[in-house]
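One structure is given below, encoded as structure tokens.
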Amino acid sequence: MKTTRWFTPFSTALMAGLLLILTACGGNEKAPTAATPATTVDPGQAPATPGVTDDEIVLGSHTDLSGSIAIWGVGSINGARMRFDDANDAGGIQGRKIRFVVEDTQYKVPRAIQAANKLINRDHIFAMVLALGTPTNNAVLTQQLRAGVPNMFPLTGARAMAEPYSDLKFTQRGIYYDEIRAGVRYFAEEMGKEKPCVIYQDSDYGQEILEGATDQLAAMGSKLVGTSAHKPDEIEFTSSIIRLRDAGCDVVYMGTVHRDTILVLEAARKMGFGATFVGNNAAYGQVIADQTSGSGEGYHAFVHMAKIYKDDDLPDAVTTWWQDYESRFGAEPGIPAMEGYRAADLIVLALTRAGRDLTRESFIRAMESIDDYQDIFGYRIVFGPGDHKGVDESVLSVVENGRWKTLATTIGY
């Protein structure tokens, strides 16, 4: 058992494939973080092992740096760059420096397809790292895997990131479907919640939350008493709350992200709807706890890494990391930065173990050899042959007095 100590699809796969061909190399906007290196490998001179030359290893990412979930994209990329820069400053990996090419998708599927095409076919990346979003990952994953490009630690808990099993897929966070099933069981058995509901985005991500809750309730001989679906860009939730209130919901599971989570909680506060709201990593962040109206108070989330605060009794390594992050980026690090840093640290470790004769196969075997890793934040990650999930449990966190408080409860799935 792995333990934790502390704490929206495109039309069809065919269309995605066609767009990968038709949109080659276009629309490469620069990220609002550190400038992405412009150097690329000539398609006619691709290295024998893509992304590996005598003096560099090229990694890539498609993420949101200026769209609706940029809070995740910017923080995670900054955290990863921090670790890669440190590795480069120390001389690189077996004499090679890491070049990290990042493309901004604004959390839009067509832009993700375009970005992935560039990264795979023009930059010849060795691996994709921290690709952000369920619909964006789903839109490019088939073509990416067909090209032999590993998908390392995507910022989504979609089932497709781990199932069906592939040597090229590695995750370091909970799978939404498994996580919500464990959450439904916990709130029913331990908290006595008998009238569950789901509010969710009408997207790949939201559907997985709905399916997980529905399937777990069916296994328990129960069912949802109400649901409400909305578009990802919806801003008005009065009718949704009325629907859930009239259904008598005492717990509401949320297939939402930061923005719609805040709007749903605010609508519930204004209408005096006192159900318990429960989210996950995609709807977890200090911005929810910071709501001056207090709408975030009592909101729960199951997470694989819990929010830390500067005035916590932090280990020395975390204090140093925190100060370094603030110095480099002029902002406090959050969960995205923690996740990005850990992803990069795992990759640096595997690249080092793989040795100078680096191939994707040797990298995968090296990653599978990481069977007892603990990050600086106190969390364990375990991989092995045929086991690329990394974690199989989450902790329950709740907003109290404007801060996230990690409860003692750890749920397995």
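The values are calculated or read from the model by the stated rules, or taken from the named source; none is laboratory data. Only a predicted model underlies this, so the values are computations on that prediction, with no experimental measurement involved. Note that each Cβ is placed from the backbone with ideal geometry, even for glycine, and that neighbours are counted across all protein chains shown.
Of note:
- Residue 317 passes every criterion in (1) touching a Phe, Trp or Tyr at 6+ places or on another chain (Cβ under 8 Å); (2) part of a helix (DSSP H, G or I); (3) more than 24 Å from residue 210 (Cα to Cα) apart from (1).
- Hits in region 100-116 - residues which are on the phi < 0 side of the Ramachandran plot, outside any helix (DSSP H, G or I) and of a type outside the set (Val, Ile, Thr): 100, 103, 104, 108
- Selection status of residue 185, basic (Lys, Arg) and in contact with a Gly (Cβ under 7 Å, 6 or more places away or on another chain): no
- Selection count, region 389-406, where residues are buried (at least 23 other Cβ atoms within 10 Å of the Cβ), more than 12 Å from residue 173 (Cβ to Cβ) and touching a strand residue (DSSP E or B) at 6+ places or on another chain (Cβ under 7 Å): 2
- Close pairs (7 angstrom Cβ cut-off, 6 or more residues apart or separate chains): under 20 Å from residue 290 (Cβ atoms) in region 391-413, part of a strand (DSSP E or B) and charged (D, E, K, R) anywhere: 397/405; 398/405
- Which listed residue, of 115, 80, is over 16 Å from the mean Cα position of the chain (by Cα) and among the small types (Gly, Ala, Ser): 115
- The one condition in (1) hydroxyl-bearing (Ser, Thr, Tyr); (2) crowded, with 18+ Cβ neighbours inside 10 Å; (3) in a loop (DSSP other than H, G, I, E, B) that residue 309 fails to fulfil: (2)
- Count - residues of region 346-387 that are in a strand (DSSP E or B), surrounded by 18 or more Cβ atoms within 10 Å (Cβ to Cβ) and either of a type in the set (Asp, Glu) or outside the structural domain of residue 157 (by TED's automatic domain parsing) (or both): 0
- Boolean, residue 9 is at pLDDT below 50, surrounded by 14 or more Cβ atoms within 10 Å (Cβ to Cβ) and either assigned to a helix (DSSP H, G or I) or not hydrophobic (A, V, I, L, M, F, W, C) (or both): yes
- Checked across region 324-331, the condition of being in a loop (DSSP other than H, G, I, E, B), closer than 14 Å to residue 172 by Cα and either touching a Gly at 6+ places or on another chain (Cβ under 9 Å) or not small (Gly, Ala, Ser) (or both) holds for no residue.
- Residues of region 258-277 satisfying the condition of being surrounded by fewer than 17 Cβ atoms within 10 Å (Cβ to Cβ) and assigned to a helix (DSSP H, G or I): 270
- Contacts under 6 angstrom Cβ, first residue in region 74-102 being under 14 Å from residue 51 (Cβ atoms), partner of a type outside the set (D, E, K, R) and assigned to a loop (DSSP other than H, G, I, E, B), 6 or more apart: 99/37; 101/36
- Residue among 142, 171, 136 that is farther than 16 Å from residue 255 by Cβ, surrounded by fewer than 20 Cβ atoms within 10 Å (Cβ to Cβ) and of a type in the set (S, T, N, Q): 142
- Scan of region 187-210 for residues that are surrounded by 18 or more Cβ atoms within 10 Å (Cβ to Cβ) and more than 18 Å from the chain's Cα centre (by Cα), ordered by number: 187, 193, 196, 197, 198, 199, 210
- When region 261-280 is filtered for residues that are touching a strand residue (DSSP E or B) at 6+ places or on another chain (Cβ under 7 Å) and not aliphatic (A, V, I, L, M), the ones remaining, listed by number, are 261, 276, 277, 279, 280.
- Top-ranked residue in region 35-69 [being under 18 Å from residue 334 (Cα atoms) and buried (at least 20 other Cβ atoms within 10 Å of the Cβ); ranked as modelled with the lowest pLDDT]: 69
- Filter result (among the aromatic types (Phe, Trp, Tyr) and not in a loop (DSSP other than H, G, I, E, B)) within region 211-257: 253
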